[in-house]
Structure formats: structure tokens, C-alpha cells
Amino acid sequence: MLLSQKETDVIKELQTQEKNCVAKYRKYSQQAKDPVLKDLFSHLEAEEEKHYRSLGQVLDGSVPECNCNDTHGRDYHPTATYTSESTDKANDCFLATDCIGTEKMVSGEYNNDVFRFGNSDVRKLLADIQIEEQNHAEMIYKYKVVNKMS
């Protein structure tokens, strides 16, 4: 598979977004106070790293398989940690809210960029990653809800 220069530039920009997400989740997993949130951020860091590698495969000329039927958001049911207001809860609420905003932005990028490709396998991969980004936001939102942060 040969990408046009425009398609290559789009993939590289998406990789930059994914690399930033990896760094953010790594940093935020260290800053989070709640072990449940730390684990969620570590899980999402690994997912974003997978996205980065998948985009790298596209740049190398192949498209990895994807399932386009991700249910991580729907199936995520965190347990509540916080029962009262605290500095730790406020810190974790800030981190979670910031990550939801990031996921919404990245998901929007995929939503727009998917139409820049002629290859249907690349479009399918980008659509799958976009769904996964939406699921990441849903998982964080569910964490916020169960901890009465929203």
C-alpha cells in the first residue's frame, strides 16, 4: 500500500496525538491518588501506545487487523473510591476531566481524518481507533460518575 504525501502527513499528525496521549496517561497515572484511576490511566496508556504502533504500521505499508466492535466503554464498571470531598478527590477529578477533553479532541480528529483516505482498510482502522477513543472517554466518565465527580 502506498500513501500519498497528504495521507502520510495525516498519519504522522495522528501519531503525534497518540504519542501525547501516551505521555499524558503515563504522567497522570503517576499523579492520580486513587489506585482505580491509576489503573485506568495505565490501561489507557497501553491502548494509546497500541494506536501509535498501528499508525506506524500504516506508514510502513500495512494495515493491522481491527475489530470495529469495541465494548470497553460499555463494559467498564469501576468501583467507587471516594465517599466524601477531599483534596485527593479534587486532584483526581481534574485529571479525569482533562483526559475526557483530550479524548473528545482526538476522537474528533479521527472523525475528520477518516475521510482523507481512499484505502478502505485504512478508513476502517481509523474508524476503529475513533470508536476506541470514544470508549476511553466513556470509561473515564463512568469513573467520575461512580465517584460523584460530575
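The values are calculated or read from the model by the stated rules, or taken from the named source; none is laboratory data. Source: prediction; values computed, not measured. Note that we place each Cβ from the backbone using ideal geometry, even for glycine, and neighbour counts take in every protein chain shown. Note: areas computed on protein heavy atoms with side chains; ligands, DNA, RNA excluded. Shrake-Rupley method; radii C 1.70, N 1.55, O 1.52, S 1.80 Å.
Structure notes:
- Residue that is farthest from Gln15 (Cα to Cα), among those in the stretch 66-79 that are open to solvent by 60 Å² or more (accessible area, probe 1.4 Å) and in contact with a helix residue (DSSP H, G or I) (Cβ under 8 Å, 6 or more places away or on another chain): Thr79
- Which listed residue, of Val63, Val36, Val58, is assigned to a loop (DSSP other than H, G, I, E, B) and open to solvent by less than 70 Å² (accessible area, probe 1.4 Å): Val63
- Flag for Lys89 being open to solvent by 50 Å² or more (accessible area, probe 1.4 Å) and either touching a residue at least 12 places away in the same chain (Cβ under 8 Å) or not small (Gly, Ala, Ser) (or both): no
- Test result for Glu85, in contact with an Asp or Glu (Cβ under 9 Å, 6 or more places away or on another chain) and charged (D, E, K, R): no
- Residues that are under 12 Å from Asn20 (Cβ atoms) and among the hydroxyl-bearing types (Ser, Thr, Tyr) within the stretch 88-105 comprise just one, Thr102.
- Subset of the stretch 125-150 [within 26 Å of Ala90 (Cβ to Cβ), of a type in the set (A, V, I, L, M, F, W, C) and part of a helix (DSSP H, G or I)]: Ala137, Met139, Ile140, Val145, Val146
- Yes/no for Thr102 being surrounded by 13 or more Cβ atoms within 10 Å (Cβ to Cβ) and either more than 20 Å from the chain's Cα centre (by Cα) or assigned to a loop (DSSP other than H, G, I, E, B) (or both): no
- Taking (1) buried (at least 16 other Cβ atoms within 10 Å of the Cβ); (2) among the aliphatic types (A, V, I, L, M); (3) part of a loop (DSSP other than H, G, I, E, B) in turn, Val122 satisfies each apart from (3).
- Residue match in the stretch 8-20 (condition: open to solvent by less than 60 Å² (accessible area, probe 1.4 Å), of a type outside the set (Ser, Thr, Tyr) and farther than 19 Å from Leu125 by Cα): no
- The listed residue being small (Gly, Ala, Ser), in contact (Cβ under 8 Å) with a residue 40 or more places away in the chain and either more than 14 Å from Met139 (Cβ to Cβ) or assigned to a helix (DSSP H, G or I) (or both), out of Ala23, Ala80: Ala80
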